[in-house]
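Take a look at the structure set out below.
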Amino acid sequence: MPSPRLCNATILSHTAAGRQYYRLVLKIPGTVSLPLPGQFVMLRVTDTIDPLLARPFGISSVLTRTSIEIFYRVVGRGTMLLSRTRPGRTLDMLGPLGRGFPMPEKGIQPILVTGGSGFPPLHLLAKALKKQKYRSVIFIGARDRSELPPAGILRSFKEQASALHITTEDGSAGKKGLITDLFAPYCSLPDRSVKAKIYACGPTPMLKSVSTVAAECSIPCFVSMEERMACGLGACMGCSVRRRAGGYLRVCKEGPVFEAEEIAW
Ligand code: FES
């Protein structure tokens, strides 16, 4: 795999998407390798000198050979500065980085589970799976309607899925409750004859619940971890998570995608 490099990415479009998210479309150099589902890029607004303001972003779509789509919400100073940038502006970009989702073997049914703002990497995965004719079942959970993926992405998830299930904790869209309320019974269906593989991205408590259900149902499970990152290159250890077998794993280097059983939840 070619080593990731620092480059300039030019903002082609930057708009609010729903009440919580921003949609960012970047033009990237043709020499940069295209991201695989689950990989990420580090972005930094070019006129800031603070390296800690570089932030990791999952990629939701590869639009053309030289343009990618990202969705994010403002969670701190780095994303607040980013949200003020306009088309034509360039950003420092490093990537694509990290280890993405492994594609399932033929005949396996993919089950995708996402919560909160964790949907972008799973959207790219859902598109790749559909392209290869897999019939994915997709579960999307959120606290409320405004936290669900923006309408265009929800429509696209529906197009990629053989079945789409939505929950919100307040019942403002889909079924009321947690996504695991629907996901767990689905995984433990007694007549489950198709072998499955689970792919999940979202808040850590959700990933922990998903990995527990997966283990109980003996379904292999891959999770994409969301951690704060500084270097993105495995040098600072700032993104480490505890490994079940002892020691630590760096989300940016050994991840962000891990087998769920590798993690000490
Ligand atoms: Fe520095 Fe992962 S962000 S080691």
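The values are calculated or read from the model by the stated rules, or taken from the named source; none is laboratory data. None of the values given here were measured: they were computed from a predicted structure. Backbone-built Cβ (ideal geometry, glycine too); neighbour counts: all protein chains shown. Just so you know, the surface numbers come from the protein's heavy atoms only, side chains and all, with ligands and any DNA or RNA stripped out. Shrake-Rupley method; radii C 1.70, N 1.55, O 1.52, S 1.80 Å.
Here's the yes/no breakdown for (1) crowded, with 23+ Cβ neighbours inside 10 Å; (2) modelled with pLDDT of 95 or more; (3) in a loop (DSSP other than H, G, I, E, B):
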{"site": "Thr15", "(1), (2), (3)": "no, yes, no"}
{"site": "Arg19", "(1), (2), (3)": "no, no, yes"}
{"site": "Leu26", "(1), (2), (3)": "yes, yes, no"}
{"site": "Met42", "(1), (2), (3)": "yes, no, no"}
{"site": "Thr48", "(1), (2), (3)": "no, no, yes"}
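Applying the set (1) surrounded by 22 or more Cβ atoms within 10 Å (Cβ to Cβ); (2) part of a loop (DSSP other than H, G, I, E, B) to Phe183 leaves exactly one unmet item: (2).
Residue-by-condition table, conditions (1) open to solvent by less than 70 Å² (accessible area, probe 1.4 Å); (2) farther than 24 Å from Phe40 by Cβ; (3) within 16 Å of the ligand (Cβ to nearest atom):
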{"site": "Ala163", "(1), (2), (3)": "yes, yes, no"}
{"site": "Gly174", "(1), (2), (3)": "yes, yes, no"}
{"site": "Ile198", "(1), (2), (3)": "yes, no, no"}
{"site": "Val210", "(1), (2), (3)": "yes, no, no"}
{"site": "Val213", "(1), (2), (3)": "yes, yes, no"}
{"site": "Ser218", "(1), (2), (3)": "no, yes, no"}
{"site": "Met237", "(1), (2), (3)": "no, no, yes"}
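Looking at Val251, Val257, Val213, which one is in contact (Cβ under 8 Å) with a residue 24 or more places away in the chain and in contact with a helix residue (DSSP H, G or I) (Cβ under 7 Å, 6 or more places away or on another chain)? Within the list Val251, Val257, Val213, the selection yields Val213.
For Ala215, the criteria (1) farther than 21 Å from Pro121 by Cβ; (2) outside any loop (DSSP other than H, G, I, E, B); (3) touching a strand residue (DSSP E or B) at 6+ places or on another chain (Cβ under 7 Å); (4) not basic (Lys, Arg) hold in every case but one, which is (3). The numbered conditions (1) open to solvent by 60 Å² or more (accessible area, probe 1.4 Å); (2) part of a strand (DSSP E or B); (3) within 14 Å of the ligand (Cβ to nearest atom) are all true for Arg228 except (2).
I'd like the full set of residues that are more than 22 Å from Pro56 (Cβ to Cβ) and either within 16 Å of the chain's Cα centre (by Cα) or not acidic (Asp, Glu) (or both), limited to the stretch 196-220. Break it down stepwise before answering.
Step one: of the stretch 196-220, the residues more than 22 Å from Pro56 (Cβ to Cβ) are 196-198, 209, 212-220.
Of everything in the stretch 196-220, those that are more than 22 Å from Pro56 (Cβ to Cβ) and either within 16 Å of the chain's Cα centre (by Cα) or not acidic (Asp, Glu) (or both) turn out to be Ala196, Lys197, Ile198, Ser209, Thr212, Val213, Ala214, Ala215, Cys217, Ser218, Ile219, Pro220.
Here Thr66 meets each of (1) free of Cβ contacts under 8 Å to residues at least 40 places away in the same chain; (2) under 18 Å from the mean Cα position of the chain (by Cα) with one exception, condition (2). None of Thr85, Thr79 is more than 24 Å from Gln160 (Cβ to Cβ), among the polar types (S, T, N, Q) and free of Cβ contacts under 8 Å to residues at least 60 places away in the same chain except Thr79. Kindly indicate the residue of the stretch 239-253 that is part of a loop (DSSP other than H, G, I, E, B) and within 9 Å of the ligand (Cβ to nearest atom) and also surrounded by the fewest Cβ atoms within 10 Å (Cβ to Cβ) among those meeting that condition. Ranking the qualifying residues of the stretch 239-253, first place goes to Lys253.
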